[in-house]
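S.K.: The structure under discussion is supplied below as structure tokens; questions concerning it will follow.
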Amino acid sequence: MSLEKVIDKKKNDLSKLIDKKKIPEHVAIIMDGNGRWATKKGLPRTFGHNKGVTVLKEIIKSSKKLGCKVLTVYAFSTENWSRPKKEVEFLINLFGEVLRNEIEEIHQESIKIKFIGDLTPFPDSLKTVLNRSEDLTKDNEDFALNVCVNYGGRQEIVKVAKKLAIKSISGEIKPNEVNEELFNSELLTQGIKDPELLIRTSGEKRISNFLLWQLAYSEIYISEVLWPDFNENEFLKAIIDYQSRNRRFGGIESLPNKSFKGSYCSS
Ligand code: IPE
Ligand code: IPE
Ligand code: MG
């Protein structure tokens, strides 16, 4: 029977199909489709963003319950500034409002929150909330939530290249010491293991400048469901699909518990 048929038969209890020994430690999500969801209902796009927050809360709980350790979500890309000013302002206000309302619970749940991206263009009031939230939760160990805001993969890579060039000119490093490990250690995600699984909702089949370096060997799962309709069941479908993959990392054997470390670790 095909995986789709098995999933369809068990749709009321997908958790029974999960292999507890093959839970991805780090899942990344491109939460897409908020605007289309609202438009389909004849509502302003902002309603989709509000509903998207409720879904994110559910998925944080589901992934933590399942045994994942890290969830990284794309909330605002460097390209999203090109949206109408009103929508951008709405999203920026929404980040602050959600954090103010939820940070206590996030902390009680022992979740460490981190914002990945260039925060400089944000209003000071938002920067303060983001920094305080990171500070409050920095010692939490049960689960890590990374929220990518004003994040762009290419910009991140260019910044690392610049930093290493400066270090090299000042003599702190030698040019031939630049390798994947050193590069990795200068990324905004330094210290965070690469995602084993990337989920994108709304059926779009592109990366949209998300974690270009970090997704080098991630499994990709595209869900046709728009983010505001995504839920625990849809998340479990992604995990079940992930568990059916053969992760070969360029070799010929399936190595489900290996993680891609790049050529610097290949020996
Ligand atoms: C994702 O939903 C949320 C953000 C990019 C902030 P969209 O707003 O991109 O929704 P669609 O893709 O236009 O439907
Ligand atoms: C990607 O979605 C960014 C976020 C989810 C924050 P977009 O809706 O901005 O991506 P494109 O425009 O479809 O590539
Ligand atoms: Mg979109």
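The values are calculated or read from the model by the stated rules, or taken from the named source; none is laboratory data. Fair warning: this is a prediction, and the values are worked out from it, not measured in the lab. Note that each Cβ is placed from the backbone with ideal geometry, even for glycine, and that neighbours are counted across all protein chains shown. Please note that ligands, DNA and RNA were not included when accessible areas were found on the heavy atoms of the full protein model with its side chains. Shrake-Rupley method; radii C 1.70, N 1.55, O 1.52, S 1.80 Å.
S.K.: Give me the pairs: first residue in the range 242-254 and within 12 Å of Glu196 (Cβ to Cβ), second residue among the hydroxyl-bearing types (Ser, Thr, Tyr), beta-carbon distance under 8 Å, and six or more apart or on different chains, which are they?
M.R.: Tyr242/Tyr221; Arg247/Tyr217; Arg247/Ser254; Phe249/Tyr217
S.K.: Further question on the same structure: When you go through (1) open to solvent by 50 Å² or more (accessible area, probe 1.4 Å); (2) away from ligand 2 (no atom under 16 Å from the Cβ); (3) more than 19 Å from Gln214 (Cβ to Cβ); (4) among the polar types (S, T, N, Q) one by one for Asn140, which number turns out not to apply?
M.R.: Condition not satisfied by Asn140: (1).
S.K.: Is one or more of the residues making up the range 227-246 closer than 29 Å to Thr39 by Cβ, open to solvent by 20 Å² or more (accessible area, probe 1.4 Å) and assigned to a loop (DSSP other than H, G, I, E, B)?
M.R.: Looking for residues that are closer than 29 Å to Thr39 by Cβ, open to solvent by 20 Å² or more (accessible area, probe 1.4 Å) and assigned to a loop (DSSP other than H, G, I, E, B), one finds at least one in the range 227-246, hence yes.
Each row is one residue, and each column tells you yes or no for (1) in contact with a strand residue (DSSP E or B) (Cβ under 7 Å, 6 or more places away or on another chain); (2) open to solvent by 70 Å² or more (accessible area, probe 1.4 Å); (3) modelled with pLDDT under 95.
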site	(1), (2), (3)
Asn93	no, yes, no
Val98	no, no, no
Glu104	no, yes, no
Gly117	yes, no, no
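S.K.: Within the range 24-72, track down each residue that is without any contact (Cβ under 8 Å) to a residue 12 or more places away in the chain and buried (at least 17 other Cβ atoms within 10 Å of the Cβ).
M.R.: Across the range 24-72, the qualifying residue is only Phe47.
S.K.: Here is a follow-up. I'd like the full set of residues that are in contact with a Ser or Thr (Cβ under 9 Å, 6 or more places away or on another chain) and exposed (fewer than 13 other Cβ atoms within 10 Å of the Cβ), limited to the range 164-178.
M.R.: Lys174, Pro175, Glu177
S.K.: In the range 209-226, which residues are in a strand (DSSP E or B) and touching a residue at least 24 places away in the same chain (Cβ under 8 Å)?
M.R.: Hits for the range 209-226 are Glu219, Tyr221.
S.K.: In this structure, is Ile59 away from ligand 2 (no atom under 16 Å from the Cβ) and of a type in the set (Val, Ile, Thr)?
M.R.: It is false that Ile59 is away from ligand 2 (no atom under 16 Å from the Cβ) and of a type in the set (Val, Ile, Thr).
S.K.: Are any residues in the range 196-212 more than 16 Å from ligand 3 (Cβ to nearest atom) and either closer than 14 Å to Lys261 by Cβ or open to solvent by 40 Å² or more (accessible area, probe 1.4 Å) (or both), and if so, which ones?
M.R.: Glu196, Leu212
S.K.: Another question, then. For the range 73-89, give me each residue that is within 16 Å of ligand 3 (Cβ to nearest atom), open to solvent by 60 Å² or more (accessible area, probe 1.4 Å) and of a type outside the set (Gly, Ala, Ser).
M.R.: Glu79, Trp81, Arg83, Pro84 - these are the residues of the range 73-89 that are within 16 Å of ligand 3 (Cβ to nearest atom), open to solvent by 60 Å² or more (accessible area, probe 1.4 Å) and of a type outside the set (Gly, Ala, Ser).
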